[in-house]
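Peer 1: Below is one structure. I have some questions about it.
Just so you know, all these numbers are worked out from the coordinates, no wet-lab data involved. All values derive from a computational prediction rather than experimental measurement. Using ideal geometry, Cβ is built from the backbone for each residue, glycine included, and neighbour counts are taken over all protein chains shown.
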Amino acid sequence: MSLFSSKKTKKPSASETSGLAELALKTIHDGVLITDRNNIIQFINPAAITMTDCGSANNAIGLDYGLLIKLESKEGRELSDQENPLLNAMKNNQPLESFRGSLIVGQTNKRLPISISVLPADNLGGQKIITFRNITKELEEEGAQTEFISTASHEMRTPVATIDGYLSLCLNPATATIDARAKGYLDAAQTASKHLGKLFQDLLDATKLDDGRIRPKFKPMEMVGAVRTITNSFQTRATEAKLNLRFGSEDISPSDSRRLNQVVYGFVDPTFLVEIMSNLIENALKYTPAGGSIYVNVLGDGDRVLINVTDTGIGISADDLAHIFQKFYRADNSDTREIGGTGLGLYLVKQRVEAMGGRVWAESAFGEGSTFYVSLPRLTGEEYEKRMIAFNNNINGGIK
Ligand code: ADP
């Protein structure tokens, strides 16, 4: 006998179903808000009342949702309107899935880590359903996991360095005598130990931001000069690899009206900027065969600083492009198999760019080179001057 033909009890009536739905909304731990087409709160469930500390449903109903749900980035940074995904989803009537941020609770200084989603319910006349979940426990568990990885990487770096040291001694004719066959084996062992050392270093760097051991330390900067200096520090390596590395020499597109070599101000962590640019340029050097070119540019694009690293290298297929910013992802093909790597560089880039309120993405086609873009918040000349004075007075621009 099929499951569906077994005896069923009577179906609940429409009013019973709506009673059950209400019971579910009242008892679940997730906060639920329903707004009308103008983003005015029409409904709030008890979990949302508690999380927002608004006291009662009566205090919330009739308010603009933005007065109740104020978000910061998960690192505790103010979100500009442009980078606030909740605001964009609500304004443009678009869905938002599981954005992690900090809820600024009521008038207090309390911050609650949440994951928030928006579902536009078009069929109901422009209403939107906002759901959010307290993720304190989830973050604690992830934190413990990250701490374990970071401690393990730290501890394992020392023995790996020792192994590498002894292998170097074996391979040095001044300190050891070995035959050609042994040299082949030891060369392979040293390549593997160097890879392991790099893997532990990358893991340590990636986990430092994940577990909050480092936070961006913002400084007002002139971005064209800063990125030019970083690019130039790779000239020797580019020459050794027979690659042409140029700064500010190729427009994003010939018709692009955004001027090159303008003065562009940003508010960034200088160490993060070096790490981001170094990873992107190192990748361009790694994945471009000898004879190719790499172009790095910085442009002012409205209220954004737009950096691009373009190469004429092996390119990335559409399938791989969707995953390259994930931890440990490496495109697996006959070109990349020969080239060493850990699959952590772009994860680290994304993590650091986002911690500074930016976005990173890539455009590429397999066999046709790649362009990596980094877009960061831009400062006007006036804002730069003000932040510089504040920075020099050690106030850090009043912004964490
Ligand atoms: P890896 O250590 O493997 O270079 P990354 O995280 O830096 O790790 O990059 C992830 C993957 O993205 C690489 O394995 C490679 O397949 C691809 N990739 C990154 N940059 C480029 C590039 N400039 N050209 C072609 N492929 C690239």
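Peer 1: Pairing the Cα long axis of helix 345-355 with the longest principal axis of the chain, what angle in degrees results, from 0 to 90 and rounded to the nearest 10?
Peer 2: So the helix axis and the longest Cα principal axis differ by about 50 degrees.
Peer 1: By counting other Cβ atoms within 10 Å of each Cβ, how are Asp320, Asp301, Asp311 ranked from fewest to most?
Peer 2: Final ranking by Cβ density, sparse to dense: Asp301, Asp320, Asp311.
Peer 1: With θ taken as phi - 60° and the coefficients 6.51, -1.76 and 1.60, list the Karplus ³J(HN,Hα) couplings across region 183-198 in order, rounded to whole Hz; mark glycine and proline as x.
Peer 2: 4, x, 5, 5, 4, 5, 5, 5, 4, 5, 5, 5, 4, 4, x, 5
Peer 1: Report the FRET efficiency, 1/(1 + (r/R0)^6), for Glu140 and Asp319, where r is their Cβ-Cβ distance and R0 is 41 Å, rounded to 0.05.
Peer 2: 0.70
Peer 1: Now for a separate question. Among Ser56, Val160, Asn92, whose Cα projects farthest towards the positive end of the dipole of the chain, with charges put on the beta-carbon of Lys, Arg (+1) and Asp, Glu (-1)?
Peer 2: In the chain, that residue is Ser56.
Peer 1: If you line up the long axis of helix 270-286 against the longest principal axis of the chain, both from Cα atoms, how many degrees apart are they, to the nearest 10?
Peer 2: Helix 270-286 sits roughly 60 degrees off the main axis of the chain.
Peer 1: For Thr9 paired with Glu75, estimate the spin-label separation in nm (one decimal), with each label point 7 Å from Cα along the Cα-to-Cβ line.
Peer 2: Result for the modelled spin labels: 5.4 nm.
Peer 1: For the pair Asn392/Gln82, report the inter-label distance in nm, with labels modelled 7 Å from Cα in the Cβ direction.
Peer 2: Taking the two extended label points, one gets 2.7 nm.
Peer 1: Let me ask something additional. Report the local net charge at Gly345: Lys and Arg +1, Asp and Glu -1, summed over other residues whose C-beta lies under 9 Å from its C-beta.
Peer 2: Value of the local net charge: -2.
Peer 1: Tell me, in nm to one decimal, what length is gained between Leu67 and Arg337 on full extension, where the rule is 0.36 nm per residue of separation less the Cα-Cα distance?
Peer 2: Between Leu67 and Arg337, full extension yields an extra 92.0 nm.
Peer 1: Using Cβ contacts closer than 10 Å as the measure, can you line up Ser317, Ser150, Ser370 from fewest to most?
Peer 2: Ser317, Ser150, Ser370
Peer 1: Compute the long axis of helix 223-232 from its Cα atoms, compare it with the longest principal axis of the Cα atoms of the chain, and write down the angle in degrees, 0 to 90, nearest 10.
Peer 2: That works out to roughly 40 degrees.
Peer 1: Using 0.36 nm per residue, how much length does the chain from Asp30 to Lys198 gain when fully extended, once their Cα-Cα distance is taken away?
Peer 2: Result: 56.3 nm gained on full extension.
Peer 1: Rank Ile294, Phe267, Asn279 by how far each Cα sits towards the positive end of the charge dipole of region 219-396 (+1 on Lys, Arg Cβ; -1 on Asp, Glu Cβ) and give me just the farthest.
Peer 2: The residue sitting most towards the positive pole is Phe267.
Peer 1: If the cut-off is 17 Å between C-alpha atoms, which lysines fall inside it for Lys286, apart from same-chain ones fewer than 8 positions away?
Peer 2: Lys194, Lys198, Lys242
Peer 1: Then there's this: For Arg237 and Val274, FRET efficiency with R0 = 25 Å and r from the beta-carbon atoms, rounded to 0.05?
Peer 2: Approximately 0.95, to the nearest 0.05.
Peer 1: Which order do peptides 155-163, 63-71 fall in by mean Cβ count within 10 Å, highest first?
Peer 2: Ranked by mean Cβ neighbours within 10 Å, highest first: 63-71, 155-163.
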